[in-house]
1. Being touching a Cys at 6+ places or on another chain (Cβ under 6 Å), at pLDDT below 90 and either within 30 Å of ASP137 (Cβ to Cβ) or open to solvent by less than 50 Å² (accessible area, probe 1.4 Å) (or both) narrows it down to one of ILE28, ILE105, so name that one.
2. What strands (runs of 3 or more DSSP E), lying completely within segment 150-212, carry at least 1 residues that are over 16 Å from the mean Cα position of the chain (by Cα) and modelled with pLDDT under 50?
3. Does segment 43-56 contain at least one residue that is in contact with an Asp or Glu (Cβ under 6 Å, 6 or more places away or on another chain) and either open to solvent by less than 70 Å² (accessible area, probe 1.4 Å) or closer than 18 Å to GLU194 by Cα (or both)?
4. Could you give every pair whose Cβ atoms fall below 6 Å, whose first residue belongs to segment 90-104 and is touching a residue at least 12 places away in the same chain (Cβ under 8 Å), and whose second residue is open to solvent by less than 40 Å² (accessible area, probe 1.4 Å) and β-branched (Val, Ile, Thr), counting only separations of at least 6 or pairs across chains?
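The values are calculated or read from the model by the stated rules, or taken from the named source; none is laboratory data. Every value quoted in this text rests on a predicted model; they were computed, and no experiment measured them. Please note: Cβ atoms are built from the backbone with ideal geometry, for glycine as well, and neighbour counts cover all protein chains shown. Ligands, DNA and RNA are stripped out before the accessible areas are found, and what is left, the full protein with its side chains, is counted by its heavy atoms. Shrake-Rupley method; radii C 1.70, N 1.55, O 1.52, S 1.80 Å.
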Amino acid sequence: MFKRTANQALIQKVTSCCMYIEYQNSWISVVVLTKHYAVTTLHCLPESFQELGQSVSLWDSDGQNHNAYIHGMNKLSDYVVFKKTDGTFECIPEMTYPALLDQYIVVGFQFGEKKASVRLGHVSSLSDGSRGYFYGDSGGLPGFSGGSSSSSSSNIIYHILGGVFYARNGALFGIARGSEWDGKETKQYGDVLEMVSTQIILSHIEFAKHEPFSV
């Protein structure tokens, strides 16, 4: 069993790789992918931001601002890649592929709140396609298993997402994209958490030869 009090060093390690975008008084979770790139789910980014080259301010857990811009978007796999404008990110996660029954922790900003939360789960299945999805639960807890909140002033829906890390050593598995959103296909899987492998995202960046891409 994963005990939070006994794993503070691990939680601190993975939290240092998590960042956020502040938008209309809410925080949108982002996770560092490599020393140059960070990533989040595309559907959680406001449509006004969804443009290649769009400047974005990323904030780390220490409150430091990192200037970046949108480098790539993939609507099918539902992710957006940010590239740091100058310099590199200091806290870089190791990456690994998930396997069945692996325990993971999801670190992100529940319901867009300005406080990082940790949820636990186990990988229940892996997709056969090229999108790199994998599935699991979050211990039946709300927030990382399909909850959302909305801004009444703009009708923007903030969905739950965050970095998905291997509970054993903190290696990055992927990003969480929720269990349902806007009536899209995740609903067919029921009350499960759908996640995208960051190894797949990295392979897409490399396939594009590190040039900007939108598919």
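1. On the way: ILE105 fails: touching a Cys at 6+ places or on another chain (Cβ under 6 Å).
Going through ILE28, ILE105 in turn, the sole match is ILE28.
2. Details: elements: 156-159, 162-166, 172-178, 193-197.
Fully inside segment 150-212 and qualifying: 156-159.
3. Applying the first criterion (in contact with an Asp or Glu (Cβ under 6 Å, 6 or more places away or on another chain)) to segment 43-56 yields 43.
From the residues that got through so far, the ones that are either open to solvent by less than 70 Å² (accessible area, probe 1.4 Å) or closer than 18 Å to GLU194 by Cα (or both) too are 43.
For segment 43-56, residues in contact with an Asp or Glu (Cβ under 6 Å, 6 or more places away or on another chain) and either open to solvent by less than 70 Å² (accessible area, probe 1.4 Å) or closer than 18 Å to GLU194 by Cα (or both): present.
4. Final answer for the pair search is MET95/THR198; PRO98/VAL123; LEU100/VAL123; ASP102/VAL123; TYR104/VAL164.
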